[in-house]
1. When residues of the range 1-15 are filtered for being surrounded by fewer than 16 Cβ atoms within 10 Å (Cβ to Cβ) and of a type in the set (Asp, Glu), how many remain?
2. From the list Tyr94, Tyr56, which one is surrounded by 14 or more Cβ atoms within 10 Å (Cβ to Cβ) and aromatic (Phe, Trp, Tyr)?
3. Scan the range 61-80 residue by residue and report those that are of a type in the set (Gly, Ala, Ser) and in contact (Cβ under 8 Å) with a residue 24 or more places away in the chain.
Amino acid sequence: QVQFVESGGGLVQPGGSLRLSCEVSGIIVKYTTMAWYRQAPGKEREMVARISREGYTNYLDSVKGRFNIIRHDANNTVFLGMRLLKPEDTGTYYCKAPQRDEWGQGTQVTVSS
């Protein structure tokens, strides 16, 4: 059974930072492309960052230079470091293996003063 358990969200002021964690079970992250998605209220879910099996990363243009996806193979965990957060980064963040159907519960990020 494949599971993704996200954590680390919260309320942060504009310009602040957060680090999201995703504990993965049922698949081995070092052999799988992993990604972080987000869904803002009233908007479609979008991919914000992706890391391939080889470690190559891709980012949504609006988060480039501010977000960083990291894979920790020993703990089978994927992280999303976020800095210089903006109100438009607000949403529920999910990690997922793009080629699979399973989704986690997500973690809420709210950027507001």
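The values are calculated or read from the model by the stated rules, or taken from the named source; none is laboratory data. Fair warning: this is a prediction, and the values are worked out from it, not measured in the lab. Neighbour counts are summed over all protein chains in view; Cβ atoms, including those assigned to glycine, are modelled from backbone coordinates with ideal geometry. Quick note on the areas: whole protein, heavy atoms, side chains included, nothing else; ligands and nucleic acids left out. Shrake-Rupley method; radii C 1.70, N 1.55, O 1.52, S 1.80 Å.
1. Here the count works out to 0.
2. Details: Tyr56 fails: surrounded by 14 or more Cβ atoms within 10 Å (Cβ to Cβ).
Selected residue: Tyr94, the only one of Tyr94, Tyr56 that is surrounded by 14 or more Cβ atoms within 10 Å (Cβ to Cβ) and aromatic (Phe, Trp, Tyr).
3. Looking only at the range 61-80, we keep the residues that are of a type in the set (Gly, Ala, Ser), and these are 62, 65, 74.
The answer is Ser62, and nothing else.
For (1) open to solvent by less than 20 Å² (accessible area, probe 1.4 Å); (2) in contact with a His (Cβ under 9 Å, 6 or more places away or on another chain); (3) under 28 Å from Ser112 (Cβ atoms), each residue gets a yes or a no:
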| site | (1), (2), (3) |
| --- | --- |
| Ser17 | no, no, yes |
| Ile28 | no, no, no |
| Gln39 | no, no, yes |
| Phe67 | yes, no, yes |
| Val78 | yes, yes, yes |
| Gln99 | no, no, no |
